[in-house]
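Worksheet for the structure shown next.
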Amino acid sequence: MATTAKPQPTMYENVKNQFEKAANVMGLDETVKKILSSTNNEIIVNFPVKMDNGTVEVFTGYRVQHNNVLGPYKGGLRYHPTVDIDAARALATWMTWKTSLAGLPYGGGKGGIQLDPKKYSQGELERITRRFTYALGDNIGPEHDIPAPDVNTNAQMMAWIADTYMSTKSPAERSKNQHVVTGKPVGSGGLEGRDRATGFGVVVTLESWAKLRNTSLEGKRYIVQGFGNVGYWAAHFMNKNGAILVGVQDATGTIYNPEGIDPEALLRFQADNGTISGFKNTQDYNGAEFFGIDCDVIIPAALGNQITAGNADTVKAKVIAEGANGPTDTEGEAILLAKGIEIIPDILCNSGGVIGSYFEWLQNRNGEIWTMDDVIIKLRKKMEDAFNRVVISGGQYKTDWRTAAYIQALVRIEMAYKQRGIFP
């Protein structure tokens, strides 16, 4: 008879555990701790949309605004069956830490719609997105709350949001509102290089890790979970460093080749076949054993809570670079750290995306057009600076890098509250 497994902590419970640990290590001001322990606003909207066949479906959308002491709320919108208020709270809170750590003038927000986008046509997704934007109304805005793409959302959807939001303003005000979202297509005010910013940032942190450990990424074997935007671009830049991709897992399957997998050829295969399974010269691999593959580097770039107490023991890698939000739960992390495995935490590792978003927001706000070279140079500098600050903080507080990253983020927020005080 099977024993009942202990329930896995939710993402929000993980966030709270990580926050508590950092707050205690650094001695965070109790008032600031109290404020940051809850979200500022939680918006739930139910809105009807007409389907292609003429029927009407009612969808539920979420937007959680965690904190804005440093600037407007900032964070993605995801379209996924797992979207609920608890997940949105967790992701919004992480965005507050992420934007603070990156030194951006932003707070944290997150949201989305609970749906599987594969079940809807392009026309239906457009109507769902536009209606969601209209339902949110002035809860978003270019100087108030700035959404961006996330899981299952893309540049096209951001263009629909921008167009819908701008259409609600008077003609003279419309162009001033283009930066209500970031991650737009380049032709609609988007930033060159925004597509690769998160994956590039992941690899910059790995280059910084290699430098810190007096090694290089040349010849390092790595695996990637999730072969979407973040996973593909991370693999692209890892290969440029001479690293060898030996395993890939996504929702469609798990593949392995100890001799190496070409990410560019895999991307073309995936586009043609809608799956990674069956890619040439690879064998299908047991998905449950993916994180146990013999490699130096793991890049989880899919969903949260993937490395847990149930599989952390099998990990052989030296370093985990968290391309996803919350891929390692607190119990899994304790096991990894005890084994001496280093973790580049999500709020540092995948912050290239929100830094790229900040550049796009500035570009729109100032009426400028930045080149790809501008973006890559500025992004590298910000990522390397954040990495170095986390390492120094880890040494200063004698703690792991996640806690050190939180401390770096919290110090900046604590200072803002102390300087500004509480109104009235």
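The values are calculated or read from the model by the stated rules, or taken from the named source; none is laboratory data. Values in this document were obtained by computation on a predicted structure and should not be read as measured data. All Cβ positions, glycine included, derive from the backbone under ideal geometry; neighbour counts span all protein chains shown.
Quick look at the values:
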| quantity | calculated |
| --- | --- |
| Only listed residue being at pLDDT 95 or above, surrounded by fewer than 21 Cβ atoms within 10 Å (Cβ to Cβ) and touching an Asp or Glu at 6+ places or on another chain (Cβ under 7 Å), chosen from ASN273, ASN214, ASN241, ASN257 | ASN241 |
| Total residues in the stretch 360-417, condition polar (S, T, N, Q), more than 19 Å from SER208 (Cα to Cα) and either touching a residue at least 60 places away in the same chain (Cβ under 8 Å) or surrounded by 13 or more Cβ atoms within 10 Å (Cβ to Cβ) (or both) | 3 |
| Meets criteria (under 19 Å from the mean Cα position of the chain (by Cα), at negative phi and at pLDDT 95 or above) for PRO48 | no |
| Residue that is farthest from the chain's Cα centre (by Cα), among those in the stretch 127-171 that are aliphatic (A, V, I, L, M) and part of a strand (DSSP E or B) | ILE146 |
| Test: residue in the stretch 200-211 that is buried (at least 22 other Cβ atoms within 10 Å of the Cβ) and among the small types (Gly, Ala, Ser) | yes |
| Residue check for ARG194: surrounded by 18 or more Cβ atoms within 10 Å (Cβ to Cβ), modelled with pLDDT under 95 and more than 23 Å from ASN46 (Cα to Cα) | yes |
| Selection from the stretch 323-356 of residues that are in contact (Cβ under 8 Å) with a residue 60 or more places away in the chain and farther than 21 Å from VAL230 by Cβ | THR330, GLU331, LEU337 |
| Long-range neighbours under 6 Å by Cβ, at least six apart or interchain, first residue free of Cβ contacts under 8 Å to residues at least 24 places away in the same chain within the stretch 168-188, second outside any loop (DSSP other than H, G, I, E, B) | LYS169/ASN177; ARG174/MET166 |
| Residue that is more than 17 Å from the chain's Cα centre (by Cα), crowded, with 20+ Cβ neighbours inside 10 Å and assigned by TED's automatic domain parsing to the domain that holds ALA234, where the choices are ALA321, ALA312 | ALA312 |
| Qualifying position, being free of Cβ contacts under 8 Å to residues at least 60 places away in the same chain, buried (at least 17 other Cβ atoms within 10 Å of the Cβ), farther than 30 Å from GLU384 by Cα and out of contact with any His (no Cβ under 7 Å at 6 or more places or on another chain), among ALA159, ALA155 | ALA159 |
| Test: residue in the stretch 301-322 that is part of a strand (DSSP E or B) and among the polar types (S, T, N, Q) | no |
| Candidate set from the stretch 126-140 (those that are in contact (Cβ under 8 Å) with a residue 40 or more places away in the chain and not aliphatic (A, V, I, L, M)); member that is nearest to THR168 (Cα to Cα) | TYR134 |
| Residue match in the stretch 78-95 (condition: part of a strand (DSSP E or B), in the same structural domain as ILE128 (by TED's automatic domain parsing) and of a type outside the set (Ser, Thr, Tyr)) | yes |
| Qualifying residue in the stretch 223-232 (condition: within 26 Å of GLN283 (Cα to Cα), crowded, with 20+ Cβ neighbours inside 10 Å, in contact with a Ser or Thr (Cβ under 6 Å, 6 or more places away or on another chain) and assigned by TED's automatic domain parsing to the domain that holds ILE344) | yes |
| Residues that are over 19 Å from ASP296 (Cα atoms), in a loop (DSSP other than H, G, I, E, B) and among the hydrophobic types (A, V, I, L, M, F, W, C), drawn from the stretch 337-358 | none |
